[in-house]
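Read the structure below first, then the notes.
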Amino acid sequence: MRTPFSYVREAWKVARALRDPYRLQDILDVARLLAPPSTMRKLVDRLMQSPTTAQAFVERPRVGELALDTLQSLPEGTLGRAFADHLKDNGLDPSKLPNLQAHTHEDYVRAHLLESHDIWHVLTGFRSDVAGELGIQAFSLAQVGSPFALGILAGGLTNTLLYAFAERDVRMQAITRGWVLGHMALPVFGAPWRDMWEHPLAEVRQRFGLDLDAVDAVLPALAPPVRPHAARRVAA
């Protein structure tokens, strides 16, 4: 049973996340708040309507434990190498993410989205700053229709209004870019990423219809390039 204290605690976590978008645990807690079981069931039903994403619920591919040394040793330009470089360059430790169990379809959606988050960063070329995170959430909203993504976007815009108004152009460009990329691309939810580590990143992007150059060409030049792996992609 929910208590008044639990509502206050959740409101405090939302407030902290709005003030500091890098508080991972608060963000994960807000995710559970924004996507209760009833909402997750509707999300599963929507994903089941696509043959591609419906197959993911049958096979349930997971990223699983990562051998970063092995990924780091892969050739330059591969998905696995680009992913390992992304984690290293941004000081990210995948072992700190909770290992979510997937007993139900709803559990699987949560687990797979969490595990795939930084892979999506590599695919789309978004950095792990606030603008890049908002871009990824716009991409996720277009691809999956996640209420969590919409909630984070709303929170990010609130953070921009209250604490970082000077960043409005950069963040709005990232949101626009992510939304367009998400709509243009084929579904990436449920992809067996472990089977693609050794594939060239350019090939993986092409497989999913992620034409970054075409999208970037039509966006206004409001900020420096958002793609940290551009050189690696060319090398591939």
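The values are calculated or read from the model by the stated rules, or taken from the named source; none is laboratory data. Nothing here was measured: the structure is a model prediction, and the numbers come from that model. Because the Cβ atoms are built from the backbone with ideal geometry, glycine has one as well, and the counts that use them run over all protein chains shown. Please note that ligands, DNA and RNA were not included when accessible areas were found on the heavy atoms of the full protein model with its side chains. Shrake-Rupley method; radii C 1.70, N 1.55, O 1.52, S 1.80 Å.
Under the condition of being closer than 24 Å to Val215 by Cβ and open to solvent by less than 50 Å² (accessible area, probe 1.4 Å), the residues counted in the range 139-163 number 14. Reported count of residues in the range 46-84, each being under 18 Å from His103 (Cβ atoms) and out of contact with any Phe, Trp or Tyr (no Cβ under 6 Å at 6 or more places or on another chain), is 9.
Among Arg207, Arg194, Arg168, Arg177, which is the only one that is open to solvent by less than 20 Å² (accessible area, probe 1.4 Å) and on the phi < 0 side of the Ramachandran plot? Criteria check complete, one pass: Arg177. Among the residues in the range 68-86, are any on the phi > 0 side of the Ramachandran plot and in a loop (DSSP other than H, G, I, E, B)? The answer is yes; a qualifying residue exists. Of the residues making up the range 109-146, those that are among the charged types (D, E, K, R) and in contact with a Lys or Arg (Cβ under 8 Å, 6 or more places away or on another chain) number 1. Screening the range 101-126 for residues that are in a loop (DSSP other than H, G, I, E, B) and either among the small types (Gly, Ala, Ser) or touching a Phe, Trp or Tyr at 6+ places or on another chain (Cβ under 9 Å) (or both) and picking the one that is surrounded by the fewest Cβ atoms within 10 Å (Cβ to Cβ) gives Ala102. Just wondering, is there one or more residues in the range 75-98 that are under 19 Å from Val204 (Cβ atoms), of a type in the set (Val, Ile, Thr) and surrounded by 20 or more Cβ atoms within 10 Å (Cβ to Cβ)? Yes, that holds for at least one residue. Looking across the range 43-66 at every residue that is free of Cβ contacts under 8 Å to residues at least 40 places away in the same chain and closer than 14 Å to Glu115 by Cα, the one that is surrounded by the most Cβ atoms within 10 Å (Cβ to Cβ) is identified as Leu66.
Can you find, within the range 96-124, the residue that is nearest to Leu186 (Cα to Cα) among those that are polar (S, T, N, Q) and in contact (Cβ under 8 Å) with a residue 24 or more places away in the chain?
Among those that are polar (S, T, N, Q) and in contact (Cβ under 8 Å) with a residue 24 or more places away in the chain, it is Thr124.
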